[in-house]
Amino acid sequence: MTLKPKLYGLIGFPIKHSLSPGMHNAAFSVLKIKAKYKLFELPAEQLENFLNNLKKNNIGGFNVTIPYKEKVLPYLNIKSWGVREIGAVNTVVVTKDEKLKGFNTDFAGFHRHLKELKVKPKKTAIIGAGGAAKAVCFALGKIKAEEICVYDIDAYKSLGLVSQFKDVFNQTKFSAVARIEELNLQDKDLLVNASPVGMQPDDPCLVESKAMHKDLFVYDLIYNPTETKLITQAKQAGAGFSNGLGMLLYQGVLSFGHFTGKKAPMEIMWAALEKGVRKL
Ligand code: NAP
């Protein structure tokens, strides 16, 4: 009897932009693991059905992206360190006894990439207050950023994020602003875009070019397109910049370890991402 390959994948909506399948499938292939990583593009009404039929569909684990990082939380049986603290999950493993164990590898992925870039921010601003923004906040709190100022189109979300973290990281001053101009970027050394704005070709650039400056580092979590309008603007102003490809790699490396129990072949995964980017 030949065993069917175990399935892994990414759940979210929309997710056609994702480079995760190439990265994970390259790793499975080089380690000769009989498994496949797919995109599971799920409209909201299909989420519950997907989560209730994992075993039947031979699914061993999955990553979670926009807009489900918070919505999947109630389905988890086990929350590993970070998931509860951050309030978002991006990696779920189906255990042998069919429990759902959640991890947050976004936080560590962002943290590691920031360290690699040698960015040591003090005064920071975040656009967006969803699942990824929470992981970014947690990472910035851990590195003792002096200030984190958050703007989200939904003011309740940014206020919620601030109240979630303000007592956890008491060395950091948290604030939520109602208008993007109030992020006061002139006074900041890091701006993180953790909103989806920039993924679509006709998306506006949320920040005015006059707000950019040389002492600012702009980190856009978006990696497809590789250069958002926000990044172009940062380049033009002589600011530092990065897209989210490094974060994608590092969160993927950790997720792969959780899925397979094996050390992820990082160089292979990076090469697969670079190949994916060249095809965009
Ligand atoms: P999410 O949970 O849906 O959060 C996005 C947040 O941005 C929501 O609160 C949303 O508000 C808000 N938003 C939408 N339009 C906005 C605007 N014009 N101004 C300010 N805020 C706005 O999504 P997520 O999972 O956090 O992902 C966010 C982005 O990060 C996505 O582009 C995702 O692909 C990227 N990401 C990249 C990596 C990586 O490894 N590079 C990892 C994680 C996430 P509403 O809900 O009211 O629309």
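The values are calculated or read from the model by the stated rules, or taken from the named source; none is laboratory data. Bear in mind the structure is a predicted one, so any value in this text is a computation, not a measurement. Using ideal geometry, Cβ is built from the backbone for each residue, glycine included, and neighbour counts are taken over all protein chains shown. The protein model used for the area step is the full one, side chains on, heavy atoms only, and it has no ligands, DNA or RNA in it. Shrake-Rupley method; radii C 1.70, N 1.55, O 1.52, S 1.80 Å.
Worth a mention:
- On full extension, the segment bounded by E41 and N57 gains 4.2 nm, given 0.36 nm per residue less the C-alpha separation.
- Taking only the alpha carbons of region 29-178, we obtain Rg and Dmax values of 17.0, 51 Å in that order.
- Annotation note: GluC sites (Glu not before Pro) in region 156-240 located in DSSP loop regions with a Cβ neighbour count of at most 16 within 10 Å are E208, E227.
- Kirkwood analysis of the Cα pair distances in the chain returns a hydrodynamic radius of 19.2 Å.
- Span from the region 61-91 Cα centroid across to the region 19-59 one, whole angstrom: 16
- Whole-percent carbon and sulfur share, accessible surface of region 71-170, 1.4 Å: 52
- Region 214-280, accessible surface, carbon-and-sulfur percent (1.4 angstrom probe): 55
- Surface per residue (accessible, 1.4 Å probe) for the chain, Å²: 49
- Note on region 1-70: with neighbouring protein chains present and a 1.4 Å probe, carbon and sulfur make up 56 percent of its accessible heavy-atom surface.
- Potential lengthening between T95 and I268 on full extension [0.36 nm per residue; Cα-Cα distance subtracted]: 59.6 nm
- Sites matching trypsin sites (Lys or Arg not before Pro) across region 159-259 that sit in DSSP coil, with at most 12 neighbouring C-beta atoms within 10 Å: R179, K214
- The slack in the chain from Q200 to D154, taken as 0.36 nm per residue of separation less the alpha-carbon distance, amounts to 14.6 nm.
- Between amide H atoms placed 1.01 Å from N, distances below 5 Å from I222 occur with G244, all of them 5 or more places distant or on a separate chain.
- Fraction of antiparallel bridges per DSSP, the chain only, in percent to nearest 5: 15
- Exceedance of the 18 Å cut-off in Cα-Cα distance is limited, within the set K6/K36; K120/K275; K38/K71, to K120/K275; K38/K71.
- Loop-resident sites, region 42-110, for GluC sites (Glu not before Pro), counting at most 10 other Cβ within 10 Å (DSSP): E98
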